[in-house]
1. Residues to consider are Leu125, Leu102, Leu121; find the one that is surrounded by 15 or more Cβ atoms within 10 Å (Cβ to Cβ) and aliphatic (A, V, I, L, M).
2. Mind listing whichever residues of the range 151-163 are farther than 24 Å from Thr212 by Cα and either buried (at least 22 other Cβ atoms within 10 Å of the Cβ) or hydrophobic (A, V, I, L, M, F, W, C) (or both)?
3. Please identify the pairs in which a residue from the range 198-221 that is acidic (Asp, Glu) and surrounded by 16 or more Cβ atoms within 10 Å (Cβ to Cβ) has its Cβ atom under 8 Å from the Cβ atom of a residue that is at pLDDT 90 or above and in a strand (DSSP E or B), counting only partners at least 6 apart or on another chain.
4. Quick check on my filter: what residues within the range 93-104 are farther than 17 Å from Pro119 by Cβ and among the small types (Gly, Ala, Ser)?
5. Please work out which one of (1) assigned to a strand (DSSP E or B); (2) modelled with pLDDT under 95; (3) surrounded by fewer than 21 Cβ atoms within 10 Å (Cβ to Cβ) is the condition Leu59 fails and give its number.
6. Scan the range 154-169 for residues that are farther than 19 Å from Leu33 by Cα and either touching a Pro at 6+ places or on another chain (Cβ under 7 Å) or not small (Gly, Ala, Ser) (or both) and jot them down.
7. Restricting the search to the range 18-55, which residues are surrounded by fewer than 18 Cβ atoms within 10 Å (Cβ to Cβ) and small (Gly, Ala, Ser)?
8. Restricting attention to the range 164-184, does a residue exist that is among the acidic types (Asp, Glu), touching a helix residue (DSSP H, G or I) at 6+ places or on another chain (Cβ under 9 Å) and crowded, with 16+ Cβ neighbours inside 10 Å?
Amino acid sequence: MLELSGINVAYGAAQILRDLSFSVRAGEILCLLGRNGAGKTTTMKAIMGLLPLLSGNILLEGAPISALPAHRVPKAGIGYIPQGRRLFTELSVAQNLEIGLLARGSGPEVLEDVLTLFPRLRERLGQRAETLSGGEQQMLATARALCLRPKVLLLDEPTEGLQPSMIEAIREVITVMRDRGVAILLVEQRVDAVLSVADRVCFIENGQNLETLDAATLRADHSILERHLGV
């Protein structure tokens, strides 16, 4: 579904990603794990066209998307929930969702499906996004991305700072989307959250591949996590 092949990315003279390669299959949750500064968020931004590639390719269903301008990447079917949410805070919940619907011309049935997944947002459609709690804002950011009808969903630290009930709500939606065949790339610092939902884990360090393993292997042998993350 989504494949990164030997991508190299830099901020100015500082190279961050070095020949990074991995793939995310349809109906799979792949978690990107690494220490702070490993290049996880940079990878997300590169996929979304927010950072240019020095070399390498990014493919969606076998078609190259590396050269697409950033505004075209969501239209291709990639939803992105960045760290910090990046909502239009002065707009209402409904207006934020409408922006998501417009990106790929989604109809009212998509909105209804999203509100079924996030019933709390249905109760707050008229509220400005800035008045929502942190957990509700994360729900809105996720719901807006789902309005794209994404083939691939990128989530960067979706549970950061959330209370347990909100974490569980987000986790449930992620697993629902996986079961619907969406390819999901997850960046998450909470190892327990990773192991509860991930199918595979890709470890990176200094922007390079270390190894990719089934999550079941990590659940059975925590020494691998200690070796790569120092936890």
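The values are calculated or read from the model by the stated rules, or taken from the named source; none is laboratory data. Only a predicted model underlies this, so the values are computations on that prediction, with no experimental measurement involved. Backbone-built Cβ (ideal geometry, glycine too); neighbour counts: all protein chains shown.
1. Values: Leu125 fails: surrounded by 15 or more Cβ atoms within 10 Å (Cβ to Cβ); Leu102 fails: surrounded by 15 or more Cβ atoms within 10 Å (Cβ to Cβ).
Just a single option satisfies the conditions, and that option is Leu121.
2. As a first pass, look at the range 151-163 and keep what is farther than 24 Å from Thr212 by Cα: 161-163.
Within the range 151-163, Leu162 is the sole residue that qualifies.
3. Cβ pairs passing all conditions: Asp199/Ile29; Asp199/Leu30; Asp199/Asp214.
4. First, the residues of the range 93-104 that are farther than 17 Å from Pro119 by Cβ: 95, 98-104.
Once the filter is applied, which keeps residues that are farther than 17 Å from Pro119 by Cβ and among the small types (Gly, Ala, Ser), the range 93-104 yields Gly100, Ala103.
5. All conditions are met except number (2).
6. Initially, the range 154-169 is screened for residues farther than 19 Å from Leu33 by Cα, giving 162-166, 168-169.
Selection gives Leu162, Gln163, Pro164, Met166, Glu168.
7. Ser21, Ser23, Ala26, Gly27, Gly37, Ser55
8. Quick first cut of the range 164-184, residues among the acidic types (Asp, Glu) only: 168, 172, 179.
Now drop any that are not touching a helix residue (DSSP H, G or I) at 6+ places or on another chain (Cβ under 9 Å), which leaves 172.
Filter again for crowded, with 16+ Cβ neighbours inside 10 Å, leaving none.
No.
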